[in-house]
1. For the stretch 196-207, in order, what is each residue's ³J(HN,Hα) by Karplus, 6.51 cos²θ - 1.76 cosθ + 1.60 with θ = phi - 60°, in whole Hz (x at glycine and Pro)?
2. Using θ = phi - 60° and the Karplus curve 6.51 cos²θ - 1.76 cosθ + 1.60, what whole-Hz ³J(HN,Hα) does each residue of the stretch 184-194 get, with Gly and Pro shown as x?
3. With only Lys, Arg, Asp and Glu charged, each at its Cβ (+1 for the first two, -1 for the last two), find how big the charge dipole of the stretch 6-113 is about the Cα centre; round to the nearest 20 debye.
4. Can you run phi through the Karplus equation (6.51, -1.76, 1.60; θ = phi - 60°) for the stretch 75-89 and list ³J(HN,Hα) in whole Hz, with x for Gly and Pro?
5. Taking amide H atoms as placed 1.01 Å from N in the peptide plane, list the residues 5 or more away in sequence, or in a different chain, whose amide H sits under 5 Å from that of Val173.
Amino acid sequence: MVEPEPTQVADRMDYESRRWVERLSAEGRDRDAAIAELREVLLRAARFEVRRRCATMSQIRGGDQEDLAQQSAGDAMVAILSKLDDFRGDSQFTTWAYKFALYEAAARIRKLAWQGRELPLEPEDWSVMADPGPAPQGEVEMNDLLAAIRQEIERSLTPHQREVLVALALNEVPIDVLADRLGSTRGALYKTLHDARRKLRAALAARGLIIDERREEEE
């Protein structure tokens, strides 16, 4: 795939988006002013997401929420400045930037919610891996499939693949929480999960069994 030339990318941007990129890429007072303005945009987004996610978390009070929003906005700013060349003008720049703040705020809240909790490394519900047919025949097929999945997870996967698959796919541990606990990255864990699922599907196929591949798209 041929990457578009910088001039083509700039031509595709609306005026306001192009000005954001130009100012943030410049030096001196104009860049400082742009960073200050962008931080306000990011802070509004982070505050919104923190309030929304903390609505059911009474232990996180107003002052703590503001600290979380400030930290999230700061992390989002660092990420945006490092990825400024990735912006292609497919949306408005502020819309693109807004998503960074939402992600950082969501990640911080998820980590906080899991703070002090042990990561479940044993499956809590094996049935999430299965795609049973209509009962009662479907129930029999489901039991056979679940038994095979248990066996192949133990037999075919490495300990690390097994740990990641169980935590993410079966016990729904947030990926950023798992990455933090394991000292890894989201990208590395996504690859491990993909490899584990591929290996598991192959092992099950060799036994004449399949799992619902649509679930792969939901991750």
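Bear in mind that the values in this text are calculations on the coordinates, not laboratory data. Predicted model, so just to flag it, every value in this text is computed and none were measured. Cβ atoms come from the backbone with ideal geometry, glycine included; neighbour counts cover every protein chain shown.
1. These are the phi-based 3J(HN,Hα) values: 5, 5, 4, 5, 5, 4, 5, 5, 5, 4, 5, 9 Hz.
2. 10, 10, 4, x, 5, 6, 4, 5, 4, 5, 4
3. 480
4. Ordered by residue, 3J(HN,Hα) equals 5, 5, 4, 4, 5, 5, 5, 6, 10, 4, 5, 7, 5, 10, x Hz.
5. Residues meeting the amide H criterion: Leu168.
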